[in-house]
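Just below is one structure, and these are the notes that go with it.
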Amino acid sequence: MLDLRRRQFITLFGGAGAAWSLPARAQRAAMPKVGFLYPASPDTIADRVRGFRQGLKDVGYVDGENVAIEYRGADGEFDRLPALAAELVRQQVAVIAAGNLASALAAKAATKTVPIVFAVGEDPVRFGLVATLARPGSNLTGINFLNVDVTTKRLEFLRELMPGATRVAVLVNPTNGPVAELALGHVAEAARALGLQIQILNASTSREIDAAFATLARERPDGLFVSGDALFTSRRVQVTIAAARHAVPATYSQRAFTDVGGLMSYGGNVPEAYRQVGIYIGRILKGAKPADLPVVQASKFELVINAQTARTLGLGVPPPLLALADEVIE
């Protein structure tokens with residue numbers, strides 16, 4: 001009799017333990033997954049990832065606690081993005097964060113139902129991501145940090161730094177076709193207005209970046225305009241070191257370059273844009289619809305000058321340009 005009661009107690013206790021574990025398992029199973037799609041490895045854009053995670057945290061989501069982030073990077077191979085986007089859809093992610101235009105277009109082609117929040121430097125209406133900025137109208141919305149639109153100012157600042165400049169090389173990634181074409185169109189128009197000639201340098205891999213700078217060394221343009229491409233952002237140390245080695249003054253689209261030795265950058269605050277992506281994703285996880293979330297446009301642009309690099313290049317930064325700078329790195 002005692003043995004029977006003991007067995008019943010153990011059975012009941014074991015059953016209760018199993019029952020107690022069910023809510024924990026259910027909670028883990030219910031944790032929403034968020035996809036993060038980008039052309040390069042996430043560890044090459046740590047500032048953006050930090051901004052993204054901070055945005056999620058601002059609205060109550062922490063990776064590993066109540067949300068799981070699935071990172072997918074294409075290692076600079078843009079043609080892999082469609083397959084990576086499709087993989088995230090198969091993983092049944094609740095939302096996809098698309099870190100540039102190519103990622104957003106790949107995600108859009110992969111799903112018409114999973115919400116997508118993008119961060120792009122180009123006009124999302126022009127490229128068919130949304131119907132209008134105020135009313136996106138589908139499963140996509142996001143942030144536009146307008147890096148393409150500030151091309152003229154970037155060239156003007158470079159010209160102010162080098163008044164005698166007549167020819168500028170433009171580094172673009174031809175595999176990122178729509179962005180490269182748009183960037184070249186804006187640069188050509190701005191260059192004509194400033195009386196500058198341009199020389200196009202193409203690069204889509206690390207080896208081709210080195211080859212482009214070898215061409216630059218032979219041709220000796222007065223300056224270099226690096227387009228705001230995800231490949232160059234992920235290879236920014238290589239690019240800025242090459243620019244320093246060949247003593248060419250260069251302008252970049254974001255401060256991530258000047259932080260590692262680039263001469264000058266002008267553009268939107270990209271980590272802040274990614275924080276806004278995280279906030280939007282958090283709102284969607286709480287029930288908001290992408291179609292009801294207007295595209296956020298950057299309202300502030302940063303001019304950052306690396307004074308140490310300027311001195312190394314033998315350039316004196318004019319006082320008016322220094323006065324305009326949001327930050328001067330000594």
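The values are calculated or read from the model by the stated rules, or taken from the named source; none is laboratory data. Treat the numbers as computed from the prediction; the structure is a model and nothing was measured. Positions of Cβ are generated from backbone atoms using ideal geometry, with glycine treated the same way; all protein chains shown enter the neighbour counts.
Observations on the model:
- Residues that are outside any loop (DSSP other than H, G, I, E, B), in contact with a Ser or Thr (Cβ under 9 Å, 6 or more places away or on another chain) and farther than 16 Å from Gly278 by Cβ within the range 103-120 comprise just one, Lys108.
- Which numbered condition Gly261 misses (of (1) more than 21 Å from the chain's Cα centre (by Cα); (2) at pLDDT 95 or above; (3) not basic (Lys, Arg)): (1)
- When the range 279-307 is limited to residues that are at pLDDT 95 or above and among the basic types (Lys, Arg), the one that is surrounded by the most Cβ atoms within 10 Å (Cβ to Cβ) turns out to be Arg283.
- Neighbours by Cβ (under 8 Å, 6+ apart or cross-chain): first from the range 160-188, assigned by TED's automatic domain parsing to the domain that holds Arg236; second among the aromatic types (Phe, Trp, Tyr) and surrounded by fewer than 19 Cβ atoms within 10 Å (Cβ to Cβ): Pro178/Phe127
- When the range 265-281 is filtered for residues that are of a type in the set (A, V, I, L, M) and either within 20 Å of Asn306 (Cβ to Cβ) or touching a strand residue (DSSP E or B) at 6+ places or on another chain (Cβ under 6 Å) (or both), the ones remaining, listed by number, are Val270, Ala273, Val277, Ile281.
- Single residue of the range 218-246 satisfying the filter (among the small types (Gly, Ala, Ser) and over 19 Å from Leu196 (Cβ atoms)) that is modelled with the lowest pLDDT: Ala230
- Scan of the range 178-203 for residues that are within 15 Å of Gly228 (Cβ to Cβ) and among the small types (Gly, Ala, Ser), ordered by number: Ala180, Ala183, Gly185, Ala190, Ala203
- Failed criterion for Arg154 (all others in (1) loosely packed, with under 15 Cβ neighbours inside 10 Å; (2) in the same structural domain as Ser227 (by TED's automatic domain parsing) hold): (1)
- Scanning the range 51-78 for residues that are under 19 Å from the mean Cα position of the chain (by Cα) and either under 13 Å from Gly99 (Cα atoms) or buried (at least 19 other Cβ atoms within 10 Å of the Cβ) (or both) yields a total of 12.
- Qualifying residue in the range 79-86 (condition: surrounded by 23 or more Cβ atoms within 10 Å (Cβ to Cβ) and modelled with pLDDT under 95): no
- Pair list, Cβ < 9 Å and 6+ apart or interchain, from the range 286-302 residues that are closer than 26 Å to Met264 by Cα to residues that are charged (D, E, K, R): Ala298/Glu272; Lys300/Glu272; Lys300/Asp326; Phe301/Lys153; Phe301/Asp326; Glu302/Arg255; Glu302/Asp326; Glu302/Glu327
- Applying the condition of being among the small types (Gly, Ala, Ser) and touching a helix residue (DSSP H, G or I) at 6+ places or on another chain (Cβ under 7 Å) to the range 42-84 and asking which residue is farthest from Ala230 (Cα to Cα) yields Gly60.
- Test: residue in the range 308-318 that is buried (at least 16 other Cβ atoms within 10 Å of the Cβ) and part of a helix (DSSP H, G or I): yes
- The lone criterion from (1) touching a Ser or Thr at 6+ places or on another chain (Cβ under 9 Å); (2) over 21 Å from Thr44 (Cβ atoms) left unmet by Gln238 is number (2).
- Any hit, the range 250-263, residues being at positive phi and either surrounded by 24 or more Cβ atoms within 10 Å (Cβ to Cβ) or not in a helix (DSSP H, G or I) (or both): yes
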